[in-house]
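The values are calculated or read from the model by the stated rules, or taken from the named source; none is laboratory data. Only a predicted model underlies this, so the values are computations on that prediction, with no experimental measurement involved. When we count neighbours, we look across all protein chains shown, and the Cβ atoms used for this are built from the backbone with ideal geometry, even at glycine. Quick note on the areas: whole protein, heavy atoms, side chains included, nothing else; ligands and nucleic acids left out. Shrake-Rupley method; radii C 1.70, N 1.55, O 1.52, S 1.80 Å.
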Amino acid sequence: MVIYLDHNATTPLRREVRARWLEALDRFEGNASSLHGPGRRARDELDRSREQVAAALGVHEDEVLFTSGGTEANNLALLGTMRAHSRARLVTTAVEHSSVLGPAARLEAEGREVVRVGVDRRGLPAFDELLERASAARGDRAPTVVSVMAANNEVGVCPPLDRLGPALREVAGSRVVLHTDAVQALGRCPLDLRGWGIDLATFSAHKLGGPVGVGVLYRRRGVRVEPVMTGGGQEHELRPGTENVPAIVATALAIELAIAEREEFARRADELARALWSGVSRAVPALELLGPPLSPEGSAAHPDGTRLPGTLNLVAPHVDGKVLVTRLDLEGLCVSAGSACASGSLEPSHVLLAMGLDSERARAGLRISIGRATTPREIQQAVEILRRTLG
Ligand SMILES: Cc1ncc(COP(=O)(O)O)c(C=O)c1O
């Protein structure tokens, strides 16, 4: 028996999404750019999927671009907007995913100005500093690209984008291009792209029950982005390459379902996370829960930012997170130390370091993330395994 509590790394393909994907594989064999019948059928289906995603997100279809995943969408958002504005600077935070920090480092190496705003002990970026850095007057009126994730994949902290977006507009108007990496947030946290003034947003299908290898970049009409790759004219000339129509069809359904079921998912995942923390903290009192406090049942969101439903990051004293993950795996519990992308590395988590943990504790973080199919019984069993392993 395996208990899988690593849904922030990837969550299983939903049954109905798998069925739609297989059906589309049989039906759509043409290249969506070809003019013949099979090509036109693939194009029609691609258009329908784009409309479906746009309707679920509450945006226009021409604002939806398909990519090969969240990583590519983040690269396109950051490199693409910065290259479209040769004098723009980038303001981001110290706790972003590597697919944001990587392009930021590349831009810096190319001589561009990049600011990384720090976070507090809960992992929340300094709100006033973000506003100040984004609106700092510059003689040439070049825009500032601001990239702040909607939910952190390691700790689960959600910065208050609902306040940040409107506040940025108030201080900097259209001189700010606001991007959010919402890979972990979609289908789990409220997200109002239009209402919060978001210009670009990144999503990934495999984090919400869709296939691995499909991402979405929302790009508000009028936001200038340069393509990062060269090739054909697909995806509004911004992302060359033949579209994977069957996987995109599956992604559209996964996104629609995740958004429709968000509140129910959040309620259940919060309940299970509370049960897990209450059981494990009683069994192992030395454990520390990182990030904002778990909201008590039925409480309103924390004013400074909330917690991603179902994500817990625990630190056990004097334990290496990666050693612990291996021991838990032998016991049948799948969790992770930090993010999946970094889990092969021996480096301490950059997120936990930014939150002020020393390097020993920043290596000790254990991420537990709950998914749609997680049951109360699995949570009980996970508590028991954690108690045996850590107690
Ligand atoms: C916050 C965040 N952004 C981006 C990504 C990258 O997405 P993908 O795996 O689709 O490339 C991930 C995946 O771990 C993530 O958690």
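Miscellaneous remarks
- All of 42, 19, 54 fail the test of being modelled with pLDDT of 95 or more, surrounded by 20 or more Cβ atoms within 10 Å (Cβ to Cβ) and not in a loop (DSSP other than H, G, I, E, B), apart from 42.
- Given (1) within 26 Å of residue 348 (Cβ to Cβ); (2) in contact with a strand residue (DSSP E or B) (Cβ under 7 Å, 6 or more places away or on another chain), index of the condition residue 105 fails: (2)
- If the condition is being more than 10 Å from the ligand (Cβ to nearest atom) and either open to solvent by 10 Å² or more (accessible area, probe 1.4 Å) or of a type in the set (Lys, Arg) (or both), then the range 57-83 contributes 57, 58, 59, 60, 61, 62, 83.
- So residue 240, is it open to solvent by less than 10 Å² (accessible area, probe 1.4 Å), assigned to a loop (DSSP other than H, G, I, E, B) and at pLDDT 95 or above: no
- The set of residues in the range 173-214 that are within 13 Å of the ligand (Cβ to nearest atom) and in a helix (DSSP H, G or I) comprises 205, 206, 207.
- In the set 134, 167, only one residue is away from the ligand (no atom under 16 Å from the Cβ), buried (at least 24 other Cβ atoms within 10 Å of the Cβ) and assigned to a helix (DSSP H, G or I); that residue is 134.
- Of the residues making up the range 84-128, those that are open to solvent by 30 Å² or more (accessible area, probe 1.4 Å), assigned to a loop (DSSP other than H, G, I, E, B) and more than 23 Å from residue 185 (Cβ to Cβ) number 7.
- Meets criteria (open to solvent by 10 Å² or more (accessible area, probe 1.4 Å) and either touching an Asp or Glu at 6+ places or on another chain (Cβ under 8 Å) or touching a residue at least 40 places away in the same chain (Cβ under 8 Å) (or both)) for residue 227: yes
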